1. Could you tell me whether any residue of the stretch 86-96 is in a strand (DSSP E or B) and surrounded by fewer than 24 Cβ atoms within 10 Å (Cβ to Cβ)?
2. Under 15 Å from the mean Cα position of the chain (by Cα), among the aromatic types (Phe, Trp, Tyr) and in a helix (DSSP H, G or I): does that describe TRP32?
3. Those residues that are surrounded by 18 or more Cβ atoms within 10 Å (Cβ to Cβ) and of a type in the set (S, T, N, Q), I need them from the stretch 5-43; list them, please.
4. If SER46 passes every condition in (1) crowded, with 20+ Cβ neighbours inside 10 Å; (2) under 21 Å from PRO17 (Cα atoms) but one, which one does it miss?
5. Name every residue in the stretch 90-135 that is acidic (Asp, Glu) and touching a Gly at 6+ places or on another chain (Cβ under 6 Å), in order of residue number.
6. So, in the stretch 133-168, how many residues would count as being among the hydroxyl-bearing types (Ser, Thr, Tyr) and either touching a Lys or Arg at 6+ places or on another chain (Cβ under 8 Å) or at positive phi (or both)?
7. Quick test of your reading of the structure: PHE93 fulfils all but one of (1) more than 14 Å from the chain's Cα centre (by Cα); (2) under 20 Å from GLU185 (Cβ atoms). Name the failing condition by number.
Amino acid sequence: MTIDPWSFPDPEQDLPPAPPPAKAVLAGGCFWCTEAVYAELEGVLSLRPGYAGGTAETADYRTVCTGATDHAEVIEITYDPTRVSYGRLLKLFFSIAHDPTQKDRQGADIGRQYRSAIFYANAGERQVAEAYIRQIERDGLFDAPIETTLEPLTAFYEAEDYHHGYAARNPNQPYIRAVSTPKVEKLRKLLKGQAVRPG
């Protein structure tokens, strides 16, 4: 990934402000790491790691980790659209939370469950996501094609309790230190305290 998040553009198209709460479901590799990034953002009301894309019968960590299901590891973001827009959530998704040019993987995490995906709940979300991907590709922001898929959200299945807030509870775990912490630090520097959630 070659993009500089400091110069990453805002979406030219976005959803209009609406009364809270709203939800967004995004897949960007291991849900521990994407959750840690969005936990920093002002306007995010709550976060839940989980699974989307497959069936209820296969929505458990052990089965999803086989890579044989249609599930992706996702996070469900509950947010206040009057304080942070859907487009801004997507901006962080593409610029910091993960590498959208990797297909069915994120770094050493390999498998369909680690795919880059936006699970849209309605036509408006799909249109904004499609427009932003076109914008990113038009501006040549990455040196490889965007592999992010747009998939209808048919159901969200909450992950097991021990996955919730995993990065925050395990800051010294080697994987968290190597993968999650640098993303969080980059976001804090980028925002410079302007839109970070109070601790």
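1. no
2. yes
3. THR34
4. That leaves (1) as the condition not met.
5. Step one: filter the stretch 90-135 for residues acidic (Asp, Glu), giving 99, 104, 109, 125, 130.
Of everything in the stretch 90-135, just one residue is acidic (Asp, Glu) and touching a Gly at 6+ places or on another chain (Cβ under 6 Å), namely ASP109.
6. Residues that pass the stated criteria total 1.
7. With (1) more than 14 Å from the chain's Cα centre (by Cα); (2) under 20 Å from GLU185 (Cβ atoms) applied to PHE93, the lone miss is (1).
This table checks each residue for (1) surrounded by fewer than 16 Cβ atoms within 10 Å (Cβ to Cβ); (2) under 17 Å from ILE75 (Cβ atoms).
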site: ARG105; (1), (2): no, no
site: TYR120; (1), (2): no, yes
site: GLY124; (1), (2): yes, no
site: GLU130; (1), (2): yes, no
site: GLY140; (1), (2): yes, no
site: ASP143; (1), (2): yes, no
site: LEU150; (1), (2): yes, yes
site: PRO182; (1), (2): yes, no
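The values are calculated or read from the model by the stated rules, or taken from the named source; none is laboratory data. In this text, all values refer to a predicted model and were calculated from it rather than measured experimentally. Ideal geometry is used to build each Cβ from the backbone, glycine not excepted, and the neighbour counts take in all protein chains shown.
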